[in-house]
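Some notes on the structure that comes next.
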Amino acid sequence: MAAPTSTYPRPDTASDPGGPPASALPAQDAGLLVLRLAIGLTMAVHGAQKLFGWFGGGGLEGTGMFFASLGYPSPEAFALVAALTETLGGIGLALGLLTPLAGAAVLGTMANAVAVKWGGGFFSPQGVEYEVLLTAGAAALTLSGPGRWAADRALPVLRSHRLSHGAAAVALGLAAAGATLLLRS
């Protein structure tokens, strides 16, 4: 009886030592690119609403008033931080640039949004399913890395994504979200 064989090529056929088999990479890279673009551009647009008032957003003033209603101290400062985090984190994810930090930014922002909005249940219109999906997607990208079709491939330290980078970034994003929530009255 022959030994069972895996459906995946042997690791020694990988084009990137230590990475997944070469034949699996194009599909994974395409999937990661689609996920990065969807989550990154969604977050960048939300950030632009807060930062510039684009796309029907309230700008920094309106976002500051909203944050004040949620009990944040220095609501204008928190509005600016949220706007920059969403805009820059979203652009970073879309480009695959500094992906662990961009993912941590989006993850922390969305974890905070889930916690603030939690009382409305899970489903729309007051639910958190949208925020949960963005949080999970950001965590997945932070842990998996951006794929080969990303700006990080040009950065020596991030060229080969490590799970330890992703796990540390997830911890950073969750710690920032927790600290932010503790400041809320």
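The values are calculated or read from the model by the stated rules, or taken from the named source; none is laboratory data. In this text, all values refer to a predicted model and were calculated from it rather than measured experimentally. Here the Cβ is made from the backbone with ideal geometry for all residues, glycine too, and neighbour counts use every protein chain on show.
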Practice task
Residues being among the aromatic types (F, W, Y) and at pLDDT below 90: count how many of those fall in region 124-182.
Solution key: 0
Problem - Conditions (1) out of contact with any Phe, Trp or Tyr (no Cβ under 9 Å at 6 or more places or on another chain); (2) in contact (Cβ under 8 Å) with a residue 60 or more places away in the chain; (3) not hydroxyl-bearing (S, T, Y): number failed by G96 - result: (1)
Practice task
Answer with yes or no whether G62 is part of a helix (DSSP H, G or I) and either at pLDDT 95 or above or in contact with a Ser or Thr (Cβ under 6 Å, 6 or more places away or on another chain) (or both).
Solution key: yes
Completion exercise
Checked region 117-147 for anything closer than 27 Å to R159 by Cα and hydroxyl-bearing (S, T, Y); matches are T135, T142, S144
Exercise for the section: Would you be able to say whether some residue in region 125-137 is farther than 19 Å from H165 by Cα, out of contact with any Ser or Thr (no Cβ under 8 Å at 6 or more places or on another chain) and aromatic (F, W, Y)? Expected result: no
